[in-house]
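Enquirer: Please see the structure below; I have some questions.
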Amino acid sequence: MMKLDTDIQFLKGVGEKRAKLLNKLGVFSVGDLLRFYPRTYEDMSKIKKISQAQIGEVCCIKAIVDRTPKESRIRKGLTIYKTDVTDGESIMQITIFNSKYAAEKLKEGEEFLFFGKITGTLWKKEMNSPEFIKAEGGDRIRPIYPQTEGLSSRTIERLMKTALLNTEGELKEILPQKTRDRYYLCNINDAVNNIHFPKDGDYLSYARRRLVFEEFYILQLSLMLIKCSGRGKTSAVIKDDFSEEFISDLPFTMTGAQERSVGEIVNDMKNDVPMNRLLQGDVGSGKTAVAAAVIYTAVKNGFQSALMAPTEILAKQHYKTFETLFKGTGINFALMTGSTKQSEKNEIKEKLKTGEIGFIIGTHALIQDDVVFSNLGLVITDEQHRFGVKQRAALNSKGDNPHVLVMSATPIPRTLALMIYGDLDISVLDELPPGRKEVVTYYVTGDKRPRVYSYIKKYLDAGFQGYAVCPLIEEGESEIAAAEDYAEGLRKGAFMGYSVGLLHGRMTPAEKEKVMDDFVGGKIQLLVSTTVIEVGVDVPNAVIMLVENAERFGLSQLHQLRGRIGRGSESSVCILISDAGNGEAKRRLEIMTKTSDGFKIADEDLKMRGPGDFFGSRQHGLPELRIADMMTDTQLLFESNKAAAETHKDDPRLKKPENAELRRAVARLFQKLRG
């Protein structure tokens with residue numbers, strides 16, 4: 001018998017050369033091979049008569065070879081081999097391209113199973129380049145594996161049989177017996193054998209259910225352990241809740257979702273275990289007001305708070321908002337960014353050290369070594385996925401295990417939030433404050449551009465402002481050139497006589513600030529911008545937006561951009577321009593015209609792009625899932641989450657003897673996640 005950690009090259013039939021090909025597929029040991037799951041299957045267990053098979057259908061036909069395939073050279077480099085096969089009632093033509101080796105296997109009078117797509121006519125059906133196997137013992141479900149050049153699925157299938165034969169009994173059960181009983185899961189050996197070589201469709205379903213559940217379960221248990229590890233007791237325990245006092249003095253009424261979220265956050269902060277919570281809400285759902293109520297409570301309890309934003313523009317936006325929210329409360333707060341004058345920075349740092357400043361808003365400037373807090377109790381990060389893990393940890397380390405609140409305006413589907421933020425509790429703002437107008441969205445082709453420009457000018461003539469979002473192109477110098485050319489084209493063309501400004505990511509903070517100040521002050525009527533405006537800029541008078549080459553943006557990003565308008569009491573309009581010809585791009589843009597619900601849009605975005613690309617890159621640090629799929633296995637994701645929570649509550653450190661194998665599996669993944 002072979003051990004699971006045996007190097008794959010020592011498995012019979014592998015060797016050094018083939019091992020390198022398997023390494024390309026992520027297979028380094030015999031155990032890795034067993035967990036290298038098929039990507040799909042050929043079901044040769046369901047056999048059809050030739051007469052029953054429909055044109056265009058992929059199916060399996062059992063038939064006898066009528067004669068040895070006849071060779072025909074069509075042209076240089078293309079040879080075909082044709083023969084007829086019969087199931088005793090009907091005849092079907094088989095065509096094989098450029099493979100004498102395959103054609104020679106089809107011997108006259110022998111019976112085979114042919115798997116492929118039915119073509120031809122109702123009178124003479126055909127199958128081109130089918131998979132085929134001797135009929136005796138071949139009527140089963142066959143695995144199809146991910147491949148690499150030089151290593152076919154059939155070769156991997158043969159190696160898998162050898163590996164299973166040589167490791168019988170070596171696979172240790174990971175899931176606790178009571179978890180398997182409660183969730184109707186088969187044992188690990190049955191699952192692995194049947195995922196590769198299922199006895200029938202039911203066995204395959206049972207095997208897949210077990211393995212998907214296990215993958216989700218171990219990942220979520222690992223995230224729960226991360227959530228609790230290194231989280232000693234916090235000294236920032238809130239004794240009195242002042243949030244109602246703050247909320248009652250607001251000039252507006254909070255939504256039920258806002259009040260519920262404030263309650264969840266304050267309750268967390270009353271515990272000596274530091275809070276770790278995500279406040280997730282659509283654009284304009286009122287996250288800042290929730291944060292203000294919590295900060296007010298923290299400061300009234302004698303603890304300092306810090307809010308870190310990813311950009312200077314957003315930090316300043318927050319500062320202006322808090323100026324309104326905290327007016328008359330007596331809370332002393334400040335703003336510190338990279339462009340803050342050194343003398344001002346020094347004064348702010350001194351007041352943070354003495355505790356005179358109760359709340360600080362800033363960018364990465366907050367995590368400098370010489371920024372010292374007197375009594376930091378609450379840390380808030382905005383748009384967390386834009387910060388690195390080390391940056392977030394650096395801010396947290398400035399307090400004694402402070403409470404942590406993460407705010408995100410990127411609506412994330414619940415399935416993905418559960419995985420990405422599995423180490424955080426989640427509060428969701430799923431109501432928009434009263435008075436917020438829905439942004440009407442249109443999708444048009446480039447030939448309508450002159451009409452679009454005329455439409456925008458009507459708004460500008462009425463005293464409103466607008467955005468023109470530049471085409472998304474490759475980053476670098478060309479991005480600036482394209483933005484500048486586009487802005488100049490508008491100034492000299494359709495928008496001659498109007499004030500057209502330009503904002504892009506390569507400007508200095510001072511340059512960006514000047515442009516934004518001019519826009520907020522009404523000096524700029526139309527702001528040409530790259531996606532730098534995606535987060536945070538709040539100009540109530542901006543009511544119209546044009547997005548060029550809209551098909552190049554993700555749905556969630558388009559939704560974020562669209563959220564920059566509709567901030568006031570006026571109805572707002574977003575116009576998406578795209579000449580994308582393919583149906584998928586059109587469907588995506590049509591979704592934007594039909595709904596303004598960020599969570600529905602995020603669900604569609606996730607379905608189309610997959611979890612790895614949801615943020616544009618794999619920033620969330622989750623391992624690739626081997627068999628589970630968040631889009632199709634949602635029910636198992638929630639079941640496994642419940643099971644992981646039950647296990648964690650029963651045995652938080654997995655110290656019980658029955659959880660020994662589970663502890664080892666979690667430890668392996670835990671190391672990858674902690675990275």
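Enquirer: List pairs: first in segment 556-576 and in contact (Cβ under 8 Å) with a residue 60 or more places away in the chain, second charged (D, E, K, R), Cβ under 6 Å, 6+ apart or cross-chain?
Expert: Once the first residue is in contact (Cβ under 8 Å) with a residue 60 or more places away in the chain and sits in segment 556-576, its partners that are charged (D, E, K, R) give Ser556/Asp605; Gln560/Glu534; Leu561/Glu534; Gly566/Lys437; Arg567/Asp538; Ser571/Lys437; Cys574/Arg562.
Enquirer: Do we find a residue being among the basic types (Lys, Arg), surrounded by 14 or more Cβ atoms within 10 Å (Cβ to Cβ) and in the same structural domain as Gln317 (by TED's automatic domain parsing) anywhere in segment 338-346?
Expert: Residues of segment 338-346 among the basic types (Lys, Arg): 341, 345.
Filter once more, so that each one left must be surrounded by 14 or more Cβ atoms within 10 Å (Cβ to Cβ): 345.
The next check asks that each one be in the same structural domain as Gln317 (by TED's automatic domain parsing); those that pass are 345.
Scanning segment 338-346, I find at least one residue that is among the basic types (Lys, Arg), surrounded by 14 or more Cβ atoms within 10 Å (Cβ to Cβ) and in the same structural domain as Gln317 (by TED's automatic domain parsing), so the answer is yes.
Enquirer: Another one. Do we find that Ala494 is surrounded by fewer than 22 Cβ atoms within 10 Å (Cβ to Cβ), under 23 Å from Arg451 (Cβ atoms), under 23 Å from the mean Cα position of the chain (by Cα) and among the small types (Gly, Ala, Ser) in this structure? Give the steps one after another, and end with the answer.
Expert: Working: surrounded by fewer than 22 Cβ atoms within 10 Å (Cβ to Cβ): yes; under 23 Å from Arg451 (Cβ atoms): yes; under 23 Å from the mean Cα position of the chain (by Cα): no; among the small types (Gly, Ala, Ser): yes.
It is false that Ala494 is surrounded by fewer than 22 Cβ atoms within 10 Å (Cβ to Cβ), under 23 Å from Arg451 (Cβ atoms), under 23 Å from the mean Cα position of the chain (by Cα) and among the small types (Gly, Ala, Ser).
Enquirer: On to the next question. Taking segment 59-94, which residues are under 27 Å from Ile144 (Cα atoms), free of Cβ contacts under 8 Å to residues at least 60 places away in the same chain and either aliphatic (A, V, I, L, M) or not assigned by TED's automatic domain parsing to the domain that holds Phe115 (or both)?
Expert: Once the filter is applied, which keeps residues that are under 27 Å from Ile144 (Cα atoms), free of Cβ contacts under 8 Å to residues at least 60 places away in the same chain and either aliphatic (A, V, I, L, M) or not assigned by TED's automatic domain parsing to the domain that holds Phe115 (or both), segment 59-94 yields Ala63, Ile64, Val65, Leu78, Ile80, Val85, Met92, Ile94.
Enquirer: Considering only segment 432-458, state which residues are at pLDDT 80 or above and either under 20 Å from Asp605 (Cα atoms) or under 26 Å from the mean Cα position of the chain (by Cα) (or both).
Expert: Residues of segment 432-458 that are at pLDDT 80 or above, as a first pass: 439-458.
Val439, Val440, Thr441, Tyr442, Tyr443 - these are the residues of segment 432-458 that are at pLDDT 80 or above and either under 20 Å from Asp605 (Cα atoms) or under 26 Å from the mean Cα position of the chain (by Cα) (or both).
Enquirer: Filtering segment 579-598 down to residues that are under 20 Å from the mean Cα position of the chain (by Cα) and of a type in the set (Gly, Ala, Ser), which residue is surrounded by the most Cβ atoms within 10 Å (Cβ to Cβ)?
Expert: Selected residue: Gly598.
Enquirer: Something else: Restricting attention to segment 563-578, and to residues there that are farther than 14 Å from Gly284 by Cα and under 27 Å from the mean Cα position of the chain (by Cα), which single residue is modelled with the lowest pLDDT?
Expert: Ser578
Every residue, every condition in (1) over 18 Å from Val27 (Cα atoms); (2) at pLDDT 95 or above; (3) assigned to a helix (DSSP H, G or I); (4) in contact with a Lys or Arg (Cβ under 6 Å, 6 or more places away or on another chain), yes or no:
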{"residue": "Arg154", "(1), (2), (3), (4)": "no, no, yes, no"}
{"residue": "Met160", "(1), (2), (3), (4)": "no, yes, yes, no"}
{"residue": "Ala163", "(1), (2), (3), (4)": "no, yes, yes, no"}
{"residue": "Gly169", "(1), (2), (3), (4)": "yes, no, no, no"}
{"residue": "Glu173", "(1), (2), (3), (4)": "yes, no, no, no"}
{"residue": "Lys178", "(1), (2), (3), (4)": "yes, no, yes, no"}
{"residue": "Leu185", "(1), (2), (3), (4)": "yes, yes, no, yes"}
{"residue": "Asn193", "(1), (2), (3), (4)": "no, yes, yes, no"}
{"residue": "Lys199", "(1), (2), (3), (4)": "yes, no, no, no"}
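Enquirer: Ok, one more. Looking at this structure, is Ala315 under 36 Å from the mean Cα position of the chain (by Cα), assigned to a helix (DSSP H, G or I) and surrounded by fewer than 22 Cβ atoms within 10 Å (Cβ to Cβ)?
Expert: Details: under 36 Å from the mean Cα position of the chain (by Cα): yes; assigned to a helix (DSSP H, G or I): yes; surrounded by fewer than 22 Cβ atoms within 10 Å (Cβ to Cβ): no.
Spelling it out, it is not the case that Ala315 is under 36 Å from the mean Cα position of the chain (by Cα), assigned to a helix (DSSP H, G or I) and surrounded by fewer than 22 Cβ atoms within 10 Å (Cβ to Cβ).
Enquirer: Could I ask something else about it? So, Thr162, is that one crowded, with 16+ Cβ neighbours inside 10 Å and not charged (D, E, K, R) or not? Before the answer, list the steps.
Expert: On the way: crowded, with 16+ Cβ neighbours inside 10 Å: yes; not charged (D, E, K, R): yes.
It is true that Thr162 is crowded, with 16+ Cβ neighbours inside 10 Å and not charged (D, E, K, R).
Enquirer: Would you check if there is a residue in segment 82-91 being touching a Phe, Trp or Tyr at 6+ places or on another chain (Cβ under 9 Å), crowded, with 16+ Cβ neighbours inside 10 Å and of a type outside the set (Val, Ile, Thr)? Spell out the reasoning first.
Expert: First, the residues of segment 82-91 that are touching a Phe, Trp or Tyr at 6+ places or on another chain (Cβ under 9 Å): 85.
From the residues that got through so far, the ones that are crowded, with 16+ Cβ neighbours inside 10 Å too are 85.
Those still in the list that are of a type outside the set (Val, Ile, Thr) too: none.
The answer is no; no qualifying residue exists.
Enquirer: Restrict the check to segment 12-35 and report whether at least one residue is touching a residue at least 60 places away in the same chain (Cβ under 8 Å), within 18 Å of Glu111 (Cα to Cα), over 34 Å from the mean Cα position of the chain (by Cα) and surrounded by 18 or more Cβ atoms within 10 Å (Cβ to Cβ).
Expert: No, the conditions are met nowhere in segment 12-35.
The values are calculated or read from the model by the stated rules, or taken from the named source; none is laboratory data. Small disclaimer: the values here were computed from a predicted structure and weren't measured. Here Cβ is always computed from backbone atoms with ideal geometry, including for glycine, and neighbour counts include all displayed protein chains.
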